[in-house]
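Participant: Just dropping this structure here.
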Amino acid sequence: MIGRLAGTIIHRGLDQVMIDVRGVGYVVHVSALTSQSLPRVGEPCALYTDLLVREDLLQLFGFSSLLEKEWYRLLISVQGIGSKAALAILGTLGPEALGRSIALGDWSAVKAAPGVGPKIAQRVVNELRDKAPSIMAMGGDLTVEAAPDLGPDPEVVEPAAPEAGFRAKRPAPAAKPKVNFTAEALSALTNLGYSPTEAAGAVAQASEDPAAVDTAKLIRLALRLLAPKD
């Protein structure tokens, strides 16, 4: 199983990209959103991948995050959803918006994807609604690095040592990991006794509020939504 590729982009198409990995070019099918996020031809790239194996076909599908890959695998488990439709849904909504739409039962958002009719969209929401919380809890911060470490290239000449008195530029500090507010809020609500489906729906709706800037505020907003109505 090929689970990840890191190399240099040598060709880009609307729905696929070719990545050169030490002289071997891999054609990887991607969603529209992933395609837009990729660097230019000639630049390094890394993608998580899923390999489709059939008697007469081998196809690689690429994802910019593990979250996107998990949603893809979940989508293709739905009857009537193949790889093309799954990528169309992810390319239209993105993994985070897809999770919110399913948690809220908004099948019309899923139907907006090219080639996805109302019956299929409703089936996606109905079959995945109870599975959405576990995928939503993964968060969107599980991304691959933009510049893969391919090791030294034997054809590249190492630069000469800097002259005395030369002050090397310090590398930029690594970015702090993004806090997964969704996962923390889901965990808190389920610990309070709400079902995963109830918690996911409330968190999905509350996360659209501009005031949900941290875990505590997201939990409070979700609790208001879950509170019994008079």
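The values are calculated or read from the model by the stated rules, or taken from the named source; none is laboratory data. In this text, all values refer to a predicted model and were calculated from it rather than measured experimentally. Note: ideal-geometry Cβ built from the backbone for every residue, glycine included; neighbour counts use all protein chains shown. The area values use the complete protein model at the heavy-atom level, side chains included, leaving out ligands, DNA and RNA. Shrake-Rupley method; radii C 1.70, N 1.55, O 1.52, S 1.80 Å.
Participant: Based on Cβ point charges of +1 for Lys and Arg and -1 for Asp and Glu, what charge dipole magnitude is obtained for segment 20-73 about its Cα centre, in debye rounded to the nearest 20?
Facilitator: Dipole of segment 20-73, to the nearest 20 debye: 100 debye.
Participant: Under 14 Å from the Cβ of residue 111, count the other residues' Cβ atoms, weight Lys and Arg +1, Asp and Glu -1, and hand me the total.
Facilitator: For residues surrounding residue 111, the net value is +1.
Participant: Here's another thing I want to ask about it. Are any of the pairs 84/119; 69/119; 84/131; 69/217; 111/131 more than 27 Å apart by Cα-Cα distance, and if so, which?
Facilitator: 69/217
Participant: Carbon-plus-sulfur fraction of the accessible area of segment 1-53, 1.4 Å probe, in percent?
Facilitator: Answer for segment 1-53 is 56 percent, counting heavy atoms of protein chains only.
Participant: With θ taken as phi - 60° and the coefficients 6.51, -1.76 and 1.60, list the Karplus ³J(HN,Hα) couplings across segment 119-132 in order, rounded to whole Hz; mark glycine and proline as x.
Facilitator: In residue order, the calculated couplings are 5, 5, 4, 5, 5, 4, 5, 5, 7, 9, 4, 6, 8, 4 Hz.
Participant: In Å², and per residue, what accessible area does segment 34-74 have when probed at 1.4 Å with the other protein chains present?
Facilitator: Using a 1.4 Å probe on heavy atoms only, each residue of segment 34-74 averages 50 Å².
Participant: Hey, another quick one. Using alpha-carbon positions, what is the distance between the centroids of segment 25-96 and segment 211-230, in Å?
Facilitator: Taking the Cα centre of each part, segment 25-96 and segment 211-230 sit 34 Å apart.
Participant: Taking K and R as +1 and D and E as -1, what net charge do the other residues with C-beta under 15 Å from the C-beta of residue 198 add up to?
Facilitator: +4
Participant: Between beta-carbons, use under 12 Å as the cut-off and find the net charge around residue 121, counting Lys and Arg +1, Asp and Glu -1.
Facilitator: +1
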